């Protein structure tokens, strides 16, 4: 028997994997950008395509032995086009940030102006934050939300676009809980001669099921991750009009990436296939119902929700009235068995490493089978933990209740812990 087929176990690694599985099983996963993939997606991501280099595109590879890689990539592209009604799909990006980078490079030159959502108002790092590649390579301009409603200030977007004439306008966000008005963005882009790109990473699953307006008819380019609400492996995706296909493909490879991760593309194929099934619509409806119920329960518990609520899978709590920071809230919830993330809120004054908000999502909890009444219990755990952030003993007692609660919703029962 060859050495690499030997049955020896890597006990150190196995212990880490086991601890991570138990963490996922026994805690409430409420980070809005995370989800639980199916066992079929897990299996595809660990498939023999791990072994295959496939630089290039179907029928245009730089290595031999790619006939089945070609079949796989064609299958995955086709499912993405069908799911979103797109003219072209590139399924090679390793992540959402690389998808955004390829999109920018396809239509911009260094120094060109981008107009994207301010990070503190809900945007993503790649939409123009100074610390990201976007902020370092392009002239990045920002729009935000209105102070009175905390909805996107479309008049501000239009005024900046008219004055600065950006080459690219980016719509979409990572912590904005409301539906984005894509026709309004299209109109603004047309008036200033800009290309419109939409980053739908967070709400792609809702778009796929018709529960959120689709950006595809309005934007030249649409980027996404394949995890989050789409419930696939961690990876990226670009949809675009046929007129932009070559520029996009050239910027993904050879522009910014080498060999695609064919095993992850296999996992993307599985997830996209699952998203085409009727029960995926039922799942996304439940995600929305759960988020609405959780938002209402948290508001009843005395917490202020940014924009007054949510239209999507995520909630952003403004902790300033309670005197807490996002960092303190995240730490306390972690001790209580609830995984969430601190997040900036509009007109933030704290450092981002501290933050004044807390972002919560319901996609992962819904995957585990939770429904509205379960959100009431989840809200009780959260409210109690946030009211006793300095009481470590009480937080640990909440954690025991959380662990008991999660046992009602088995996660990966076929996997050994």
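Scanning segment 219-264 for residues that are under 17 Å from residue 56 (Cα atoms) and in a strand (DSSP E or B) yields 236, 237, 238.
Scan 115, 119, 108 and give me the residue that is under 20 Å from residue 241 (Cα atoms), touching a residue at least 24 places away in the same chain (Cβ under 8 Å) and assigned by TED's automatic domain parsing to the domain that holds residue 264. Going through 115, 119, 108 in turn, just one is under 20 Å from residue 241 (Cα atoms), touching a residue at least 24 places away in the same chain (Cβ under 8 Å) and assigned by TED's automatic domain parsing to the domain that holds residue 264: 108. The set of residues from segment 335-359 being out of contact with any strand residue (DSSP E or B) (no Cβ under 7 Å at 6 or more places or on another chain) and without any contact (Cβ under 8 Å) to a residue 60 or more places away in the chain comprises 349, 350, 351, 353, 354. Scanning segment 118-166 for residues that are crowded, with 21+ Cβ neighbours inside 10 Å, touching a helix residue (DSSP H, G or I) at 6+ places or on another chain (Cβ under 7 Å) and farther than 16 Å from residue 107 by Cβ gives 119, 143, 145, 150, 157. Taking segment 68-82 as the range and being surrounded by fewer than 21 Cβ atoms within 10 Å (Cβ to Cβ) and touching a helix residue (DSSP H, G or I) at 6+ places or on another chain (Cβ under 7 Å) as the test, only 75 passes.
Residue 287 meets the conditions (1) buried (at least 18 other Cβ atoms within 10 Å of the Cβ); (2) touching a residue at least 24 places away in the same chain (Cβ under 8 Å); (3) touching a strand residue (DSSP E or B) at 6+ places or on another chain (Cβ under 7 Å) in every case but one. The failed one is (3).
Checking 54, 86, 69 one by one, the residue that is in contact (Cβ under 8 Å) with a residue 40 or more places away in the chain, more than 23 Å from the chain's Cα centre (by Cα) and in a loop (DSSP other than H, G, I, E, B) is 54 and no other.
Against the test of being free of Cβ contacts under 8 Å to residues at least 24 places away in the same chain, closer than 14 Å to residue 332 by Cβ and surrounded by fewer than 16 Cβ atoms within 10 Å (Cβ to Cβ), the options 387, 394 yield a single qualifying residue, 387. Considering segment 323-338 alone, what residues qualify as being more than 18 Å from residue 351 (Cα to Cα) and more than 23 Å from the chain's Cα centre (by Cα)? Passing the criteria: 332, 335, 336.
The values are calculated or read from the model by the stated rules, or taken from the named source; none is laboratory data. What you see is a predicted model, and the numbers here were worked out from it, not measured in a lab. Backbone-built Cβ (ideal geometry, glycine too); neighbour counts: all protein chains shown.
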